[in-house]
Structure formats: structure tokens, C-alpha cells
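**Q** Just passing along the structure, written as C-alpha cells.
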Amino acid sequence: MSNDDTTRRRFLRTAGSATAAVALAGCSSDSDQPDQTEEQSDTTGDSSGNGAGNGGDAEGTFSVGVTMGQMDSGLDPQDHAETNTEIIVGQAYEGLMDRDKEGGIIESLATDWERVEPGVARFTLRDNVTFHSGDSLTAEDVAYSIRRIVFEDVDISSPQANDLGAVSEVEAGDGEVTVIFDGLNPIVFQLFATNGEIMQQSWIEENDSDFINRNTNGTGPFQLSNYDSGNQVTFETYEDYWGEKAEVDEVTLSASGESSTRVNRLLAEESDIVTNVPPQEVSRVEGSDVASINAVPSTRVIFLQMRYDVEPFSSQQFRQAMNYAVDVEGIIENVLNGFGSITGQPTLEAFTGYNPDVDPYPYDPDEAERLVEESGHAGVEITLQTPIGRYLKDVEIAQAAASQIDSLSNVSCELEQREFSSLVQDITTGNIEDKPHFNLLGWGNGEFDASQTIIPLLASNGALTVLENDEVDALMEEAQNESDLEKREAILREANQLLHDLAPWVFMHQQFSVYGVSNGIEWQPRNDEFIDVDTVSSK
Amino acid sequence: MSFGQFAIKRVLQGVGVVWGVVTVVFALRFVTPGSAINAVAPLDADQETRRAIAAELGLDQPLYVQYGQYIFDLLQGDMGFSYIRGQAVTSLVFSKVPATVELAVAATVVAIILSIPLGVLSATRRNQPIDYGATLFSLGGISTPNFWLGIMMILVLAVEFGIFHTSGRGVNVGDVVLSLVGTEPFLDTLLSWLSYITLPAIALGTYFTALITRLTRSGMLDELSKPYVKATRAKGLPETLVRYKHALRNTLIPVITVLGLQLGTLIGGAVITEAVFSWPGLGTLVIHSINLRDWPVLQGSLIVIGTSFVLVNIVVDMIYAYLDPRVAYD
């Protein structure tokens, strides 16, 4: 008995020690610190926490912490199609052209660009640009990067394949690169100002996808110092950057899906910039003495799609009636706390092709009821489908809209909430016959050009279209083949007027990007949702 | 049945359960709505681009081929490749395991430190204020959702008083150990570690603490009423020895069993706590992968969580069988 006891006790003691040792050993090796990064950087990593927090530390380093809703999906700048990843990789990678905070086109790796002939664009490259590896940027690197994006047989099938237009050939010259398109590509420079980050050819060829997605080698103002996948990414200033050196020495980007956690991080001074502060948290930030709210109109438009080929939405009067039935300004005020602006056409203000003469539909339930009667669909029952949690307050917005439509005396409207991936499965089916009849959707247009909304969403061959209209198609065809920019803008304005009248959408609002920003820093947000940490300064 | 046979039987059962987990997790991809292609392709991608991406990801293969390939790769330790992140799943998932284990162990430690003394005190001072207090605490702990408790603690102790970090995992227990031999000051590192882990550990461990307190209390009361305790008292042993050497030791056997099983639950059940505290463990990875529709990573994470649960169960069963041979003979 006594021996048994001793053995069991010893066993338990040994097992306990072993468990503790395994736990300690396991925990100490927790990092995705990439090999090359360790070599590249002298930074010892983040031993003091993952939020940089308010203007630096005791050693005089100016560190900035950014907390987003979601982390990156890998660091390959050409193998993703979403904003959070772009914010992260965009600290290290650059394109040939760039945009200022309002969306205007500015220089980046190219100092000059011209349309040599219809369908041919030439970019003159900046001298003395180096990748973070230390190697110089060459025209071959630029040409390879463009090919990697647009051609399926070059390394990857990039989800950005259509983002640069229909490229047929890319030629590297002496300090310049020529891109040849199928057709005119009238917005080539708008496309290149938003898309097409440049990578080093030899670096891509020497490394596998796993490595490229855990490391960076760009030409941007910051270089990677620590990558902890799904947790946080830290960048430090790239000393040999060709442009103006950023005031910020170190940037830490992390994420929390919980909006309250993001706000808590800001208020506890663990983070300097937090994204997507929801309306209900705004007063908490504004009421604090450490941070404030900074909101800007984004490039995203929210709308209710109506399929043109099914009753009752096949009637233009009925579609217009739905526009009169929804009190968009009331929704912006009450659901979004004022963070939104009403729209009346697919194109947002300040975009190429926006028609300033088009007014949004006013809220007029009487007119809505009259139009419903006129359409011959009085008494109809419809269902609005909405994604859950995809866009800011999407369900609440859809609830309000459906309720307002339902309050018409001659229409009853129900709401169906759907998981986004399920809804998007129907929306992207390719056949208009399989698409939902009436649904809420949002669309971001980073190119600031009307065509990039109208063609995919409202032209007959658009991937997400709910409308087939010869007049719209003809106008867009004309616009895409018009090299005179003024004439093209006039065509796009006409298309926007036409689409307002055709009312294939209930035109809702332009979504705002709402940031919480520490009072310790000076930073102005951008329209295109990118966070340009290199423009942050301390107060 | 000998202990060895019992062990082999349990391991084989475990393998069967893990295979079941793998199959169910694999099937989930096909019964849940939404295509993985939509997670990779932009919304306005044309059908040709979608087909090209599907082919690159192997999603155009028949289901049985995909399943067979998946099992074949899994047996070689390859959980696949995340087409969203462009990274190998195995290394990605296992890089998150330490954070989750650290949190689960810390929650367990919090639970053990608080619950066993509280349970013993509660039992030995039955119907006294401390017993009522412990009972109230247990009821509160069992009925309080851990995400609510977490948010409240963050608001009060992190945002209002700034004692702890609101979220994240800046320093891990390995850093603390290394600071003993390295250049970082040990005390600072320890305090920094505590400032990150304390709140999530309490949030995760509170339910567990309450449960073990109740278990210890009832176990102690049961043991203290048994004849052998009367015999030890009759022999004149001091009350301290009677309680702690005899009654408590016997009480701890079921407590250890529950502790082991709960550790498995904590690894899988930390998802919400990890989300509230942005703790970079498996739970956060699971949520992130669901949001991204990153099926390979989600599958890998669920398989690791399921397998660890099965492993912990097997180990607990075997320890129990070893400590109480009657279990193996049944």
C-alpha cells in the first residue's frame, strides 16, 4: 500500500512537471517570425506589448498602433482582394502611381505617364528606387509584376486579374514600361493609380508562396520587422526610401473583430487609430479626453438591387416607387448617427462621371403609393434580402427600409436576413435568372470612375448586374471607347441620369469610414479606406 | 482486461473519434452555404476567372478525390494550404496552439488556486458566512457568461483604471522564463505578462472555478462523513491532518478527473474569450477563418481542437485507470 502510494505520487509529480515544461517550451516558441526578417532587422520584436500607443516610448521612438477589424490574408500584395490586407501590405509595397487623400492621382514609382496611342500606355520609372532587399527597381521587375497580376500563367492566378484592364502585352524598356491593352482602356491611369503593386521578380522566383505571404520586399516607406500571422504585423522605417521619410519610426497593425475591444484599445491608449467605430460607440470616444472621431466619406455605396426581369420590379414605376418609399435621410440620421450621405445615382460625388444635376429621390410615401397603383402591382408582396454584418448596420438599414416599404398601403414587404457568403453565392452565379429579386448590397469603387460601378453592376454583361438595358449598354460602350476625357465624362453623366430614372436600385447612401484617432497624433483619413501611416505626425 | 489492453482500446477508440472529426469537418465545407471561390475572387470576377481559381485550388475535383487527398496529406502531417492566406496550414495552426494552451493552463491555475481552498473552507465551515459566500460566488460564476465578464473587466480594470491591458498577448510565458537568464528584467517581464493574461484567464476560468469549488465542497462533505475519518479522529489525529491529508486527498481524485476533462474543454471553448480579448490563439484563428471562408485553416484548427480534446480524454482515462485499477477491469 505504501509502495503504491509512493509510485502514484511520483507519477503525478512527474506528470505535472512534464506538463508545465511542455507548456513553457511551447509558449516560448510562439512566433511566425520569418527567417529573412530576423536577418533583415535589428529590431528585437515587441516585448512591451502589441499596441504602440500614442506617440512613442521612453526611448524617443515614434510608434503608431493601428487596430482594424480583421488582419491580413497573407502578405502577397497581388494575391488578395480585400481592404484589410491592402492596408497592411500597402505600408511596404507601392504601385506605379498613387492617390492623394481625396483620390487625386499622384506620382509614385512612375514619374511620368502618357498614352502613346489608343490602347498603349507608357510609364517612365523613377530613378534610385530600391527594394527593401537593397536591390534597385528595374523595368523588368515592373513588367513582371504587371504580368503576374494579369496573366494566369505567370506564377499565380491573381484575384486582381481584371483590375488593370484587358492587358495583352507588357514591355520593359530603358527606364520605362509600356503596357498594351485589348481596346482603348480609357481609364488606364485611374486603374494604375489604385492597383498594381510592384514586386521584385528575382525575389518572387526564389521564394515560394508561403514565404512571400509571410514576408515583404517592397519599395515603400516601411519595411517589415515582425509578422505574427493573424495577430499583428510590425513595420519600421525604411531608411533608403526614395520619398520623404515618415515621421513615424514604427507601425504596429493588429486587429479585433469586436468593435468594443477596438474602442477599448483606443481609450486605454494602446492604439492610436482604430477603424470602423460603430455609431453606438461614437459618443464613448467623443466623451473621452484621449481620442476623438474622424469620419470621411468612403468609396462605398450602399443600395437595394431590384432585378429588372421579374415582377413587380420589371416595372420602372414600381422601382421608382420603392425609391420614394424609403426615407434614406432618416435612416442616415437615426441608424448611422449621420455618418453617411444620400445618393441618387450609382456614381458617388467627386467621381468621374458623377452627375451634379441629379437629385436623390425625396421621401414621399404618397407618390410611392401612386406609382405602385400606376404600375399595376398594388397589393404585391415582396421580400428584401440582406446580408448580416457585412456592411455597417446593414441589417438595421434593411429593417428600416423594409418597414417603410411595408407601411405603404398597397405593398407588403418582408425582410430575409442571410449570411453574406450564402447571399453572395446567388449574386455571383453568372445568370441573372438565379439572382435574388430584391437585396441589399454594397460596392466599393477605388478607381473613382463611374464605369467601375456601372459596368459590373448595371451593364448587361456585368458580373453582378440586375439590369439589361440597351441604352445603358450603348452609353457605356461609347464611354469605354472615347479617348476625349471631357466627352467621356459627359457620356457617363448621361448614363447616371438614365440610371437614376430607370431606378434599378433603391439608391441608399454613401458609407462613411469612421475612425477613432488618438489625440496624441495628427492624421487625416482618406476616402479610399487606406491608412497612410507615413502621413501621421505627433501633436 | 489488463491496463495495457485497456490503453490500446482507448487509443483505438480515440483514433476512430479523430477520424470522425476529420470527416465531419471536411464535410462541413460542402454543406455550408457559400463557395470558397468567393472568398478569393472579387465579387465582380467573371466566370472564367472563377473557374481558373477553382482549378488552382483543386476545387474542381470530385468530392471523393478531394477527401482522399486530404486524408492522405493529413497522415503525412500536411493539413493543406490556405488559399486565402497563401500559407501552409499546419505551421499556421500550430503557431497558435501555444497561446491557447497558455490561456487554458492559466485559467486552470486560476481555478485551482481559488477553487480548492474555497471549496475546502466552504465544507469545513458549513453553514457559516464563508460557506454562504462561496456558494453565492459559485452560483454567480456558473451563471455569468464569460464574454460579459470579460467586457466588464476590460471596461473597469483596463480602460478605467489602466491596471491591465485591454487585449492582445504582448508577452508570453516563454518570455518570462527567458528573462530569468536573459537581459530583460525579470520582474518587469513578469508584470507585463500578468498585465496581458490575468483578465482573459479570469474570464475563462471563472466558470471552472465555480464548478470546482462546488465539486470540492460536496466531495469534502462526503469524505468527512465517512467512517475512516471518524476512525482517524478517534485515533487522536489533529483535525488539520484529518482534513488535508486524508479527506482532501480522496476528494481530489474526482476533482483531478474533472480538471483534466475541463482542460480539453478550455482549449476548444476559449473561442469567445479569445475574441473578446483579441487573444491570438486557435479561437481567434477559427473566427478569422470563418469570416474569411478559409476552409483549410478552419478544418486544421477544428481537427487540432478535436484531437487535443480526445487526447486529453484518453490521458485522463488512462491516469484514472492507473490510479484506480477497477476502471481498467470493467
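The values are calculated or read from the model by the stated rules, or taken from the named source; none is laboratory data. Everything quoted here is computed from the prediction, not taken from an experiment. Methodologically, a virtual Cβ is constructed for each residue, glycine included, from the backbone with ideal geometry; neighbour enumeration extends over all protein chains shown. Just so you know, the surface numbers come from the protein's heavy atoms only, side chains and all, with ligands and any DNA or RNA stripped out. Shrake-Rupley method; radii C 1.70, N 1.55, O 1.52, S 1.80 Å.
**Q** Looking at the range B:132-148, which of its residues are surrounded by fewer than 21 Cβ atoms within 10 Å (Cβ to Cβ) and within 14 Å of chain A (Cβ to nearest Cβ)?
**A** Once the filter is applied, which keeps residues that are surrounded by fewer than 21 Cβ atoms within 10 Å (Cβ to Cβ) and within 14 Å of chain A (Cβ to nearest Cβ), the range B:132-148 yields B:Phe147, B:Trp148.
**Q** Within the range A:332-354, work out how many residues are among the β-branched types (Val, Ile, Thr), in contact with a strand residue (DSSP E or B) (Cβ under 6 Å, 6 or more places away or on another chain) and under 18 Å from A:Val514 (Cα atoms).
**A** Count: 2.
**Q** Also: Of A:Leu164, A:Leu137, which residue is in contact with a Phe, Trp or Tyr (Cβ under 8 Å, 6 or more places away or on another chain), assigned by the TED database to the domain that holds A:Leu96 and open to solvent by less than 10 Å² (accessible area, probe 1.4 Å)?
**A** A:Leu164
**Q** Here's a follow-up. Which of the following residues is buried (at least 23 other Cβ atoms within 10 Å of the Cβ), within 14 Å of chain B (Cβ to nearest Cβ) and in contact with a strand residue (DSSP E or B) (Cβ under 9 Å, 6 or more places away or on another chain): A:Gln232, A:Gln223?
**A** The match here is A:Gln232.
**Q** Any idea which of A:Gly376, A:Gly389 is within 30 Å of A:Gly69 (Cα to Cα) and either open to solvent by less than 10 Å² (accessible area, probe 1.4 Å) or in the same structural domain as A:Phe339 (by the TED database) (or both)?
**A** Matching residue, one of A:Gly376, A:Gly389: A:Gly389.
**Q** Grab the helices (runs of 4 or more DSSP H) fully contained in the range A:408-491, keeping just those with 3 or more residues being modelled with pLDDT of 90 or more.
**A** Correct list: A:451-458, A:470-480.
**Q** Which condition breaks for B:Thr265 when tested against (1) closer than 23 Å to B:Pro98 by Cα; (2) away from chain A (no Cβ under 14 Å); (3) buried (at least 18 other Cβ atoms within 10 Å of the Cβ)?
**A** (3)
**Q** How many residues are within 9 Å of another protein chain (Cβ to nearest Cβ) and either touching a residue at least 60 places away in the same chain (Cβ under 8 Å) or more than 15 Å from A:Leu457 (Cβ to Cβ) (or both) if we restrict to the range A:428-446?
**A** Residues meeting the conditions: 2.
**Q** So, one more: Any residue at all in the range B:89-96 that's touching a strand residue (DSSP E or B) at 6+ places or on another chain (Cβ under 8 Å) and part of a strand (DSSP E or B)?
**A** no
**Q** In this structure, does B:Arg10 turn out to be under 31 Å from the mean Cα position of the chain (by Cα), part of a helix (DSSP H, G or I) and of a type in the set (Lys, Arg)?
**A** Against the criterion (under 31 Å from the mean Cα position of the chain (by Cα), part of a helix (DSSP H, G or I) and of a type in the set (Lys, Arg)), B:Arg10 qualifies.
**Q** Look through B:Gly86, B:Gly58 and report the one residue that is open to solvent by less than 40 Å² (accessible area, probe 1.4 Å), among the small types (Gly, Ala, Ser), in contact with a helix residue (DSSP H, G or I) (Cβ under 8 Å, 6 or more places away or on another chain) and at the interface with chain A (Cβ under 10 Å from one of its Cβ atoms).
**A** Every option except B:Gly86 fails the conditions.
**Q** Then there is this: For the condition assigned by the TED database to the domain that holds B:Ser225, open to solvent by less than 50 Å² (accessible area, probe 1.4 Å), under 24 Å from the mean Cα position of the chain (by Cα) and under 27 Å from A:Leu267 (Cβ atoms), what is the one hit in B:Thr189, B:Thr166?
**A** Within the list B:Thr189, B:Thr166, the selection yields B:Thr166.
**Q** List pairs: first residue in the range B:304-324 and outside any helix (DSSP H, G or I), second residue of a type in the set (Val, Ile, Thr) anywhere in the structure, Cβ distance under 8 angstrom, at least six positions apart or on different chains.
**A** B:Asp324/B:Ile253
**Q** Being closer than 16 Å to A:Arg319 by Cα, surrounded by fewer than 22 Cβ atoms within 10 Å (Cβ to Cβ) and not hydroxyl-bearing (Ser, Thr, Tyr) is true for just one of A:Leu458, A:Leu502. Which residue is that?
**A** Result: A:Leu502 is the single residue among A:Leu458, A:Leu502 that is closer than 16 Å to A:Arg319 by Cα, surrounded by fewer than 22 Cβ atoms within 10 Å (Cβ to Cβ) and not hydroxyl-bearing (Ser, Thr, Tyr).
**Q** Would you call B:Thr257 part of a helix (DSSP H, G or I), modelled with pLDDT under 80 and under 19 Å from the mean Cα position of the chain (by Cα)?
**A** In short, yes.
**Q** Quick one: count up the residues across the range B:156-184 that are within 22 Å of A:Ser256 (Cα to Cα), outside any loop (DSSP other than H, G, I, E, B), more than 7 Å from chain A (Cβ to nearest Cβ) and in contact with a helix residue (DSSP H, G or I) (Cβ under 7 Å, 6 or more places away or on another chain).
**A** Within the range B:156-184, residues that are within 22 Å of A:Ser256 (Cα to Cα), outside any loop (DSSP other than H, G, I, E, B), more than 7 Å from chain A (Cβ to nearest Cβ) and in contact with a helix residue (DSSP H, G or I) (Cβ under 7 Å, 6 or more places away or on another chain) number 1.
**Q** Looking at the range A:311-324 only, could you name the residues that are under 27 Å from A:Leu492 (Cα atoms) and in contact with a helix residue (DSSP H, G or I) (Cβ under 7 Å, 6 or more places away or on another chain)?
**A** Result: A:Phe313, A:Ser315, A:Gln316, A:Gln317, A:Phe318, A:Gln320, A:Ala321, A:Met322, A:Tyr324.
**Q** Within the range B:123-131, is there a residue that is out of contact with any Lys or Arg (no Cβ under 9 Å at 6 or more places or on another chain), in the same structural domain as B:Ile197 (by the TED database), closer than 30 Å to B:Leu241 by Cβ and open to solvent by less than 50 Å² (accessible area, probe 1.4 Å)?
**A** Looking for residues that are out of contact with any Lys or Arg (no Cβ under 9 Å at 6 or more places or on another chain), in the same structural domain as B:Ile197 (by the TED database), closer than 30 Å to B:Leu241 by Cβ and open to solvent by less than 50 Å² (accessible area, probe 1.4 Å), one finds none in the range B:123-131, hence no.
Rundown of residues vs (1) closer than 30 Å to A:Leu492 by Cα; (2) within 12 Å of another protein chain (Cβ to nearest Cβ); (3) at pLDDT below 95, yes/no style:
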residue: A:Val154; (1), (2), (3): no, no, yes
residue: A:Asn162; (1), (2), (3): yes, yes, yes
residue: A:Gly173; (1), (2), (3): no, no, yes
residue: A:Ile187; (1), (2), (3): yes, no, yes
residue: A:Asp208; (1), (2), (3): no, yes, yes
residue: A:Tyr227; (1), (2), (3): no, yes, yes
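**Q** What tally of residues in the range A:267-281 results from selecting those that are under 22 Å from the mean Cα position of the chain (by Cα) and among the aliphatic types (A, V, I, L, M)?
**A** So the answer is 3.
**Q** Across the range B:89-122, what is the total count of residues that are more than 10 Å from chain A (Cβ to nearest Cβ) and touching a Cys at 6+ places or on another chain (Cβ under 8 Å)?
**A** Adding up the residues that qualify gives 0.
**Q** Among the listed residues A:Ser256, A:Ser298, identify the single one that is at pLDDT below 90, among the polar types (S, T, N, Q) and open to solvent by less than 10 Å² (accessible area, probe 1.4 Å).
**A** After ruling out the rest, the residue left standing is A:Ser256.
**Q** Separate question: Just wondering, is there one or more residues in the range B:62-76 that are at the interface with chain A (Cβ under 8 Å from one of its Cβ atoms) and either touching a residue at least 12 places away in the same chain (Cβ under 8 Å) or over 31 Å from the mean Cα position of the chain (by Cα) (or both)?
**A** The answer is no; no qualifying residue exists.
**Q** Output the number of the condition that A:Asn355 fails; it satisfies all remaining conditions of (1) at pLDDT 90 or above; (2) within 20 Å of A:Val335 (Cα to Cα); (3) open to solvent by 10 Å² or more (accessible area, probe 1.4 Å); (4) under 34 Å from the mean Cα position of the chain (by Cα).
**A** Of everything listed in (1) at pLDDT 90 or above; (2) within 20 Å of A:Val335 (Cα to Cα); (3) open to solvent by 10 Å² or more (accessible area, probe 1.4 Å); (4) under 34 Å from the mean Cα position of the chain (by Cα), A:Asn355 misses just condition (2).
**Q** Go through A:Asp112, A:Asp127 for me and flag whichever is open to solvent by 50 Å² or more (accessible area, probe 1.4 Å), touching a residue at least 12 places away in the same chain (Cβ under 8 Å), assigned to a loop (DSSP other than H, G, I, E, B) and of a type in the set (Asp, Glu).
**A** A:Asp127
**Q** Next question. Regarding the range A:395-405, can at least one residue be identified that is in contact (Cβ under 8 Å) with a residue 60 or more places away in the chain, surrounded by 17 or more Cβ atoms within 10 Å (Cβ to Cβ) and not aliphatic (A, V, I, L, M)?
**A** yes
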